[in-house]
Every structure is written in C-alpha cells, then in structure tokens.
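One structure is given below, encoded as structure tokens.
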Amino acid sequence: MCGIVGYIGYREALPVLLSSLERVTYRGYDSFGVALLNGQGIQVFKEIGTVEERRHQVQNLQGTLGIGHTRWATVGRVSAVNAHPHQGCSVDLAIVHNGNIDNFLPLRQRLQSQGHEFRSETDSEVICHLIESHGEVEIVEATRRAIQELEGPFAMAVLHRASKRLILARRESPLVIGLGEEETFVASDAPAILPYTNRVIFLEDDDLALVWAGGMQVGRMEPKLPAKCTRLPGMQDR
Ligand code: GLU
C-alpha cells in the first residue's frame, strides 16, 4: 500500500501536497517524494522517512501543479532512489504509483534491450519507460497504451511537462478527485482532500482521467483480459 496525492490550481502546490501526504501517511511511511512542474521543468524531491520527520529538509520547490507519494515498499529496497515519483530516461515525465506491476521484470528486460536505462529497483519505474516508449503519440494516448501492457493492481498519477494537466488511472487501487474552484485535488482517499473540498469523485476500475485546474474528464480504458483469454468478435466481457 502507499499514498498518492496531486494538485493543480492557483496555489503553491508544495504545501498542499505535503499536508495531503501527511493525511495518507497511514498507507505507507518508509519514504516519500514530490514532483512539481514550474518554469524549469519537472523538479523532484524524495527522501526516506515520513513527511512529518523530514518536512524541514524538503526543498522549497515552486509550482502550482504537482504530484506526491508516501511509500510502503513492495518491490525494491527502502531508499531515496526507490522512492516515488519516478522518471524515465527523460525528465519530462514523472509518475507516482500505488500497487504492483506483476509483469514488470519482462517489461523491464524488453525496455532495457531497447536502450532504456533504469535508475531504481522498483516495478513502478517501468511505467515511465513504457509511456516514453510510446512517444510517437500524445501523452494521454501514450499512457493508455502503456497501461494496456500492465498486469496487477495500480493507481497512478502522471505529470508531463508539455501537458500541464494530470493524467490519472486506476485498477484495483483507490483514487479520488476533489473539485474546487479553479483547482483540483487528487488523493488515494477522500480524507486527504476534504480540508480543501467536499466535491469528491471516486474513480472506478479502468477509469482514465485527465484533470486540470478548472475540471476533469474521465474515460474508460479497455479492460485487460486474463492472459489465456481472447475476446471473440461480438462477444462482451462479463
Ligand atoms: N510497488 C511500488 C513500490 O514498491 C508501490 C508500492 C505500494 O503501492 O505500496 O514502490
């Protein structure tokens, strides 16, 4: 388990992210991190320990758009490098992930053979490289294509330098969106954002959402079939 948060709006995002993280610390507390988008691109701070213990060390990152994560390691040791957010080969993308990518090893091996360089031991980092590997299409579609290859539960938030919006997706891990006035909040559970808004939307399995300061859009991902199933023409999933 771990906690995800996000913010996009008019306030400085860092204090919102840190206090939301404190309210999801019960979900995981071996390490934490944030990524903010500002004029210099995406800037990341991550460290072992909890937000409460390390708050005084957090760099004063500026920006009104960001994501955060408080981790309970499931794949890879507890370390600052393994803490989220993760980035791929480029620094134009950052993701936070809750869950397990059961097929991350073959995906990692394939991506490494294509030249992708991994920094962490986590399953989560594979998501960044998979999205990057679909660089020929725009970021929401690249994310959707990457997700099609993932096996196992996840909730994730994707921050991309060019998009200036947050992309969210979930399957079997919780994720909620809080709508404010010209600002939008994201968290693994509602209590994290209730101090800011009580207009809360619970994403469902296989939802893919795009959120911005003034609103949101939700679409459905194609549900992934179990490895041994194929969908016959005209047949619906049950
Ligand atoms: N599997 C990821 C990691 O170990 C996410 C952990 C979690 O959701 O608890 O970093």
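The values are calculated or read from the model by the stated rules, or taken from the named source; none is laboratory data. Remember, it's a predicted structure, so these values are computed and weren't measured experimentally. Because the Cβ atoms are built from the backbone with ideal geometry, glycine has one as well, and the counts that use them run over all protein chains shown. These area figures cover heavy atoms from the full protein model, side chains too; ligands, DNA and RNA do not enter into them. Shrake-Rupley method; radii C 1.70, N 1.55, O 1.52, S 1.80 Å.
A few remarks follow.
- Which listed residue is within 13 Å of the ligand (Cβ to nearest atom) and either at pLDDT 95 or above or at negative phi (or both), from Arg54, Arg77, Arg110: Arg77
- Among all positions in segment 136-143, there is at least one residue which is within 14 Å of the chain's Cα centre (by Cα), crowded, with 19+ Cβ neighbours inside 10 Å, of a type outside the set (A, V, I, L, M, F, W, C) and modelled with pLDDT of 95 or more.
- Any hit, segment 178-189, residues being part of a loop (DSSP other than H, G, I, E, B) and at pLDDT below 95: no
- Residue in segment 119-131 that is in contact with a helix residue (DSSP H, G or I) (Cβ under 6 Å, 6 or more places away or on another chain) and of a type in the set (D, E, K, R) present: yes
- Qualifying position, being at pLDDT 95 or above and within 10 Å of the ligand (Cβ to nearest atom), among His129, His97: His97
- Flag if Ser163 is out of contact with any helix residue (DSSP H, G or I) (no Cβ under 6 Å at 6 or more places or on another chain), buried (at least 19 other Cβ atoms within 10 Å of the Cβ) and not hydrophobic (A, V, I, L, M, F, W, C): no
- Hits in segment 84-94 (condition: within 11 Å of the ligand (Cβ to nearest atom) and either over 21 Å from Gln40 (Cβ atoms) or of a type in the set (S, T, N, Q) (or both)): none
- Contact map, segment 84-108: first residue free of Cβ contacts under 8 Å to residues at least 24 places away in the same chain, second residue outside any helix (DSSP H, G or I), Cβ cut-off under 8 Å, separation 6 or more or different chains; pairs are Arg108/Phe118.
- Considering (1) assigned to a loop (DSSP other than H, G, I, E, B); (2) more than 16 Å from Met156 (Cα to Cα); (3) within 15 Å of the ligand (Cβ to nearest atom), the lone condition that Leu61 does not fulfil carries the number (3).
- Residue satisfying all of: in segment 19-39; open to solvent by less than 10 Å² (accessible area, probe 1.4 Å) and part of a helix (DSSP H, G or I); nearest to the ligand (Cβ to nearest atom) among these: Leu21
- Failed condition for Tyr7, given (1) surrounded by 24 or more Cβ atoms within 10 Å (Cβ to Cβ); (2) within 16 Å of the ligand (Cβ to nearest atom): (2)
- Test: residue in segment 106-127 that is open to solvent by 10 Å² or more (accessible area, probe 1.4 Å), of a type in the set (Ser, Thr, Tyr) and either more than 23 Å from Ala169 (Cα to Cα) or part of a loop (DSSP other than H, G, I, E, B) (or both): yes
- Segment 64-74, residues that are touching a Ser or Thr at 6+ places or on another chain (Cβ under 9 Å) and either of a type in the set (Gly, Ala, Ser) or more than 8 Å from the ligand (Cβ to nearest atom) (or both): Gly68, His69, Thr70, Ala73
- Residue in segment 150-160 that is modelled with pLDDT of 95 or more, closer than 16 Å to Ile4 by Cα, open to solvent by less than 40 Å² (accessible area, probe 1.4 Å) and away from the ligand (no atom under 13 Å from the Cβ) present: yes
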